[in-house]
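First up is the structure itself, then whatever we jot down about it.
Nothing in this text is a laboratory measurement; each read-out follows from the coordinates by a stated rule. All values reported here derive from a predicted model rather than from experimental measurement. Heads up, the Cβs are rebuilt from the backbone with ideal geometry, glycines too, and the neighbour counts pull from every protein chain shown.
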Amino acid sequence: MAEISKKRPEFRNINAFTDLTTYRLPAAGWVSILHRISGLILFMLLPLVIWMFDLSVTSQISFGRFHSIFTVGIGGLILKLFCLALLWAYLHHFIAGLRHLWMDLNHHAVEKRIGANTATGTIVAGIVLTVILGAKLFGLY
């Protein structure tokens, strides 16, 4: 008896402009991409962190200069926005790193449902903590 052959899947090249815009990345994929982006931001803003730390601890005069740069004018606002980006990058990178460590230690965490829940929790926790600490940075409390 002759078997009916199944139609083989057809593979084609994707078009980055039309196909990638319709692709829905799961939460775990977003966390993975944002983990890499936050690591890059931390690395790129490291000279800013070193400069701010040096200026704030060298002397009282340099701390006063740092304080005035950080609080006066449009330059202070730009510096605060860089610090907000740095704050988000640190918090997201830290929380996502803890998530990865937990998944490495706990074999049940590799299930799809748990991975999606922890990924969503990672994104939400990073944003919520950034908003809370960003409000402190901008002097709202």
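Values as computed for the structure displayed
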quantity	calculated
³J(HN,Hα), Karplus 6.51/-1.76/1.60, whole Hz, each residue of the range 118-126, x for Gly, Pro	5, 5, 5, x, 5, 5, 5, 4, x
Dipole magnitude of the chain, debye to nearest 20 (Cβ charges: Lys/Arg +1, Asp/Glu -1, about Cα centre)	280 debye
Extension gain, Ser56 back to Val110 (0.36 nm per residue minus Cα-Cα distance, nm)	15.1 nm
Contact order relative to length of the chain, as percent, for alpha carbon pairs under 8 angstrom and 6 or more apart	29 percent
Of (i) 1.56; (ii) 1.19; (iii) 0.96, the label for Cα Rg over 2.2 N^0.38 Å derived from the coordinates	(i)
Phi-based couplings in Hz for the range 58-69 (Karplus 6.51, -1.76, 1.60; Gly and Pro marked x)	5, 7, 5, 5, 5, 5, x, 5, 4, 4, 5, 5
Backbone HN-Hα couplings from phi across the range 101-107 [Karplus 6.51/-1.76/1.60, Hz, Gly and Pro as x]	5, 5, 5, 5, 7, 10, 5
